[in-house]
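What follows is a short report on a single structure.
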Amino acid sequence: MAVHILIYILSFIGIWVGSGFVIKAVERMSSSFKISSFIVSFLVLGAFTSVSEFSVGLNSVMENDPEIFVGNLIGASMILFMLLIPIIAIFGKSIRISAELQGFNLPASLVTIALPAIMVMDGVVSKFDGILSLIIFGFLVVGVQSKDKVIEHIEKVKDKYKVGIGKSLLRILFGVALIFISSRFAVEQTHYFSEALNISPFLLSLIVVSFGTNLPELSLAARTIFMRNHQIAFGDYVGSAAFNTFIFGLLTLIYKEKIILTNSYAISLIFLVLALVLFFYFARTKNTISRIEGLVLFLIYVGFIYVEYLLHKGIINLW
């Protein structure tokens, strides 16, 4: 057991270190492109900090256990909106909702993020679900980037920073390779512990693996608490949660078969939708998430963990 625990810990350390390489490289690239910190974080950091989720998901598909990637992606989005964003709001006093996320882009982002949890309610994930996820995510990206004309900015400066971009890409490739190898071990150990502790792979992925794959985002939260600009972390979290829907759709298509789920996702859906609805309400009032509002979202996550624990122990039964 001790050896498996050590491998599990080392796998998450590998994810942490590899994602650190990716984040630092992307930060260098974003400063060169001179684009708003929220947009760069949403489109670039959000994509690359989701590499760990994609790697765990791809390995779970290769292991023929797609429930791991479903649980991990839903759990990751819950951690982003119910744990990490609240942490910044609580300890950073508040989070300002950027202009790029105001208006239609705010509800569009939240619907995109909630989509995987909604789609698994019938216990089956089909190819149609995967295609629809990709389409809706695509519309969201077009809507967000159009406000700052990101593509036009990149076209203007790409020749000036070719060497620096090349070095950053090498760092990204190294980080991605380390993340993929580490996530392979994480999936294998998830199988082991789910059997040894008689815990479903879904529950372990929903709580433990999803926390591990969000270690880079957690470290980013710790850094931004001491910074005045929280938009980098906030954009990363919204983008990462949205990219989880893209990964959900992509992995569903890669798996080729219908995914039949053996666990109920009702509790996850209820808590995630509740958190997103409250986030929307808080964000629309004064275009900020205050310290008190962050605390409310955090308490919802604590309640979710507690209810899942009671369900697993059989103390309560919803069916």
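The values are calculated or read from the model by the stated rules, or taken from the named source; none is laboratory data. On a predicted model such as this, the values are computed, not experimentally measured, just so you know. Reconstructed Cβ throughout: ideal geometry from the backbone, glycine too, with neighbour counts over all protein chains shown. These area figures cover heavy atoms from the full protein model, side chains too; ligands, DNA and RNA do not enter into them. Shrake-Rupley method; radii C 1.70, N 1.55, O 1.52, S 1.80 Å.
A full extension of the chain between PHE104 and GLU63 corresponds to an added length of 10.8 nm, given 0.36 nm per residue minus the alpha carbon distance. Radius of gyration over Kirkwood radius for region 1-150, both on Cα atoms: the Rg/Rh ratio is 0.98. In region 233-250, which residues have a backbone nitrogen under 20 Å from the label point lying 7 Å from PHE280's Cα in the Cα-to-Cβ direction? Under cut-off, by backbone N: 235, 237-246. Size descriptors for region 1-81: radius of gyration and Dmax over Cα atoms are 15.2, 49 Å. Residues whose amide H falls under 5 Å from that of THR288, counting only those 5 or more places apart or on a different chain, are ILE97, with hydrogens built in the peptide plane.
Multiplying the residue separation of ILE9 and LYS127 by 0.36 nm and removing their Cα-Cα distance gives an extension gain of 39.0 nm.
Residue ranges 173-181, 242-250 sort as 242-250, 173-181 when ordered by packing (mean number of other C-beta atoms within 10 Å per residue, highest first). Taking a sphere under 9 Å around the Cβ of ALA25 and counting the other residues whose Cβ falls inside, with K and R at +1 and D and E at -1, yields a net charge of +3.
Summarised as an ellipsoid, region 233-282 has semi-axes of 25, 18, 6 Å, derived from the eigenvalues of the Cα gyration tensor scaled by 5 and square-rooted, with the largest first. Among 132-140, 7-15, 48-56, 110-118, the peptide with the highest mean count of other Cβ atoms within 10 Å heads the list, and the full ranking is 48-56, 110-118, 7-15, 132-140.
A protection proxy built from the mean count of other Cβ atoms within 10 Å ranks the segments 233-239, 124-130, most packed first, as 233-239, 124-130.
Taking all protein chains into account, the per residue accessible area for region 40-147 stands at 31 Å² (1.4 Å probe). Rounded to 0.05, the FRET efficiency of the MET1 and SER290 pair, given R0 = 25 Å and the Cβ-Cβ distance, is 0.05.
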